[in-house]
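Asker: I have a structure here, written as structure tokens, and I will follow up with some questions on it.
What follows is calculated from the coordinates using simple rules that are stated; it is not laboratory data. For clarity, every value in this text was computed on a predicted model and none was experimentally measured. Because the Cβ atoms are built from the backbone with ideal geometry, glycine has one as well, and the counts that use them run over all protein chains shown.
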Amino acid sequence: MSTDQAAGWAHRLPPTPTAVHDSWAWTIARPAELTAARNELRRSLASGTLPSGADEDDVDRLLLAFEELASNGLRHSGAPVHVRVDGCDGGWLVDVSDALPDHPPVPAVDRDPALGGLGLHLIARLSTAFGWAADGPRKHVWAALVPAG
């Protein structure tokens, strides 16, 4: 996916996961809670069933997208954020919601990579679909990931 495509975080609803096998959800208010949630998700994935064709590299991509979306929510939208991961036949859907529905995600443009702010571009490259939507008092920023194999 090109950088131009990554910059366009469209305002759209996430896909509806089909045949959901596993779901995880957290309310995260501090970075330490994000680390604990990521570790819990990794343990659950290691001991559970992965989507068809998924391997350790796919799990690493999911964990990276999870951490980037959740940390962006904490950093830019305030705490707490609600994070949900649905595992289904086609892969995973990561959804992070916060209490600022009028503030869409804004990917960094023309910024020195050393200054950070490239997480949304990274998530766009790792995902098959991504976007955001306002739902009442909450904004949802989401990414769908499928196994690469």
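Asker: Ranked from highest to lowest mean number of other Cβ atoms within 10 Å per residue, what is the order of the peptides 126-135, 38-47? It would help to have the intermediate numbers written out before the result.
Answerer: Values: 126-135: 18.3, 38-47: 14.1.
Highest to lowest by the protection proxy: 126-135, 38-47.
Asker: Assign unit charges at the C-beta atoms only (+1 for Lys and Arg, -1 for Asp and Glu), then state the dipole size of the stretch 26-101 relative to its Cα centre in Debye, rounded to the nearest 20. Intermediate results must be reported in sequence, preceding the final value.
Answerer: Details: 7 positive and 13 negative charges, 75 e Å.
Charge dipole, the stretch 26-101, about its Cα centre: 360 debye, nearest 20.
Asker: What does the extension gain come out to for E56 and T35, with contour length at 0.36 nm per residue minus their alpha carbon separation?
Answerer: On the way: separation 21, 0.36 × 21 = 7.56 nm, distance 1.89 nm.
Answer, rounded to one decimal: 5.7 nm.
Asker: What do you get for the angle between helix 56-77 and the principal long axis of the chain? Use alpha-carbon atoms, 0 to 90 degrees, nearest ten.
Answerer: Its long axis makes an angle of about 30 degrees.
Asker: Could you pull out which residues in the stretch 74-107 have an amide N less than 16 Å from a spot 7 Å beyond the Cα of T18, following the Cα-Cβ vector?
Answerer: Residues 87-93 qualify, since their backbone N sits under 16 Å from the label point.
Asker: Which whole-number percent gives the relative contact order of the chain, counting Cα pairs below 8 Å spaced six or more residues apart?
Answerer: Numbers: 282 pairs, mean separation 50.7, N = 149.
It comes to 34 percent, rounded to a whole number.
Asker: Which three lengths, in whole Å and largest first, does the chain cover when its Cα atoms are put on their principal axes?
Answerer: Its Cα atoms span 38, 32, 30 Å along the three principal axes.
Asker: Pull out the extension gain between A79 and L64, defined as 0.36 nm times the separation in residues minus the alpha carbon to alpha carbon distance; nm, one decimal. Numbers along the way, then the final one.
Answerer: Working: separation 15, 0.36 × 15 = 5.40 nm, distance 1.98 nm.
Fully extending the segment from A79 to L64 adds 3.4 nm.
Asker: Here's something else I'd like to know. Extension gain R138-L118, at 0.36 nm per residue separation less the Cα-Cα distance, in nm? The partial results should precede the final answer.
Answerer: Working: separation 20, 0.36 × 20 = 7.20 nm, distance 2.34 nm.
Fully extending the segment from R138 to L118 adds 4.9 nm.
Asker: Specify which residue in the list L126, V20, A37 is farthest towards the positive end of the charge dipole of the chain, using unit charges on the beta carbon of Lys, Arg (+1) and Asp, Glu (-1), about the Cα centre.
Answerer: Ranked along the dipole, the leading option is A37.
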